[in-house]
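Here's the structure, in structure tokens; my notes come after.
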Amino acid sequence: MSDLSQPTQVPALLDALQWRYATKKMDASKAVPQEKVERILEAARLAPTSSGLQPFEIIVVTSKEVRAQIQPIAWNQPQITDGSHLLVFAAWDNYTPERINHMFDLTNEQRGMKNEGWENYRQMLLANYPKRDAEVNFQHAARQAYIGLGAAMISAAFEEVDCTPMEGFDPAKLDDILSLRERGLRSVAILPLGYRADEGDWLVNLKKVRRPREQFITEV
């Protein structure tokens, strides 16, 4: 394993983030290799979440027919069908005792031990999360999904894979297309993966604009 503390690793990541942009036109003839897709998905799976609950899932849509159904309910954005993969980030619709217990039991199983403080924390969550309003819980879970979305986007940049994060779609209709509600899930964001087209993307050659550090960072 490489030493991520070495300063030579930092420019490579920042260069990748400088290279990436919200691709507006993808080359439909180019497919992202599966090994790269798997690493992008693994980055999202490894993303941190509140209490380690991982309250979201990712649906990988490669079917051209299904993506063609999704495109009209997503402002007809071409990346949905021109990209080779569409990642749908779907959050839990609620926190339930079963879901909370599953993650705590999985942690105990994987670590081969039980910890009193950890079990007390389980009971605290069980006493508070399930009784909250379902919409409050969904919004909390959705914020965790965005952490995974960010990890996927950074990983895609590192893999030199283009992507376009999108909220411009009808969540209820997407939930119906993918039968998400039956699984206790609600769509939050979508991320087409592909490769930028040689022509037809108005954004590709424009300068990346971000607020300067002094307007963005405050040191106390």
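To keep it simple, each residue is scored yes or no on (1) open to solvent by less than 60 Å² (accessible area, probe 1.4 Å); (2) modelled with pLDDT of 95 or more; (3) on the phi < 0 side of the Ramachandran plot; (4) not polar (S, T, N, Q).
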residue: TYR121; (1), (2), (3), (4): no, yes, yes, yes
residue: GLN139; (1), (2), (3), (4): no, yes, yes, no
residue: TYR146; (1), (2), (3), (4): no, yes, yes, yes
residue: ALA151; (1), (2), (3), (4): yes, yes, yes, yes
residue: ALA157; (1), (2), (3), (4): yes, yes, yes, yes
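Does GLY112 qualify as being more than 17 Å from ARG183 (Cβ to Cβ), at pLDDT 95 or above, open to solvent by 50 Å² or more (accessible area, probe 1.4 Å) and not charged (D, E, K, R)? Walk me through how you get there before you give the answer.
Values: more than 17 Å from ARG183 (Cβ to Cβ): yes; at pLDDT 95 or above: yes; open to solvent by 50 Å² or more (accessible area, probe 1.4 Å): yes; not charged (D, E, K, R): yes.
Yes; evaluated as a whole, the condition is true for this residue.
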Only unsatisfied item for VAL66, checking (1) of a type in the set (A, V, I, L, M); (2) open to solvent by less than 10 Å² (accessible area, probe 1.4 Å); (3) in contact (Cβ under 8 Å) with a residue 60 or more places away in the chain, is (2)
Can you list residue pairs whose Cβ atoms sit under 9 Å apart, with the first residue in region 174-198 being in contact (Cβ under 8 Å) with a residue 12 or more places away in the chain and the second being part of a helix (DSSP H, G or I) and acidic (Asp, Glu)? Count only pairs 6 or more apart in sequence or on different chains.
ARG181/ASP175; LEU185/ASP175; ARG186/ASP175; SER187/ASP175; PRO192/ASP82; GLY194/ASP82; ALA197/ASP82
When residues of region 32-60 are limited to those that are part of a helix (DSSP H, G or I) and of a type in the set (Val, Ile, Thr), the one surrounded by the fewest Cβ atoms within 10 Å (Cβ to Cβ):
VAL37
Is there a residue in region 162-181 that is within 20 Å of GLU38 (Cβ to Cβ), open to solvent by 70 Å² or more (accessible area, probe 1.4 Å) and within 18 Å of the chain's Cα centre (by Cα)?
no
Only unsatisfied item for SER29, checking (1) open to solvent by 70 Å² or more (accessible area, probe 1.4 Å); (2) within 18 Å of ARG196 (Cβ to Cβ); (3) in a helix (DSSP H, G or I), is (3)
Between a residue in region 201-220 that is farther than 17 Å from LEU14 by Cα and any residue that is among the aromatic types (Phe, Trp, Tyr), which pairs come within a Cβ distance under 8 Å, given they are 6 or more apart or on different chains?
LEU203/TYR21; VAL204/TYR21
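The values are calculated or read from the model by the stated rules, or taken from the named source; none is laboratory data. These numbers come from a predicted model, not from an experiment. Neighbour counts are summed over all protein chains in view; Cβ atoms, including those assigned to glycine, are modelled from backbone coordinates with ideal geometry. Side chains are part of the model used for accessible areas, which takes the heavy atoms of the whole protein and leaves out ligands, DNA and RNA. Shrake-Rupley method; radii C 1.70, N 1.55, O 1.52, S 1.80 Å.
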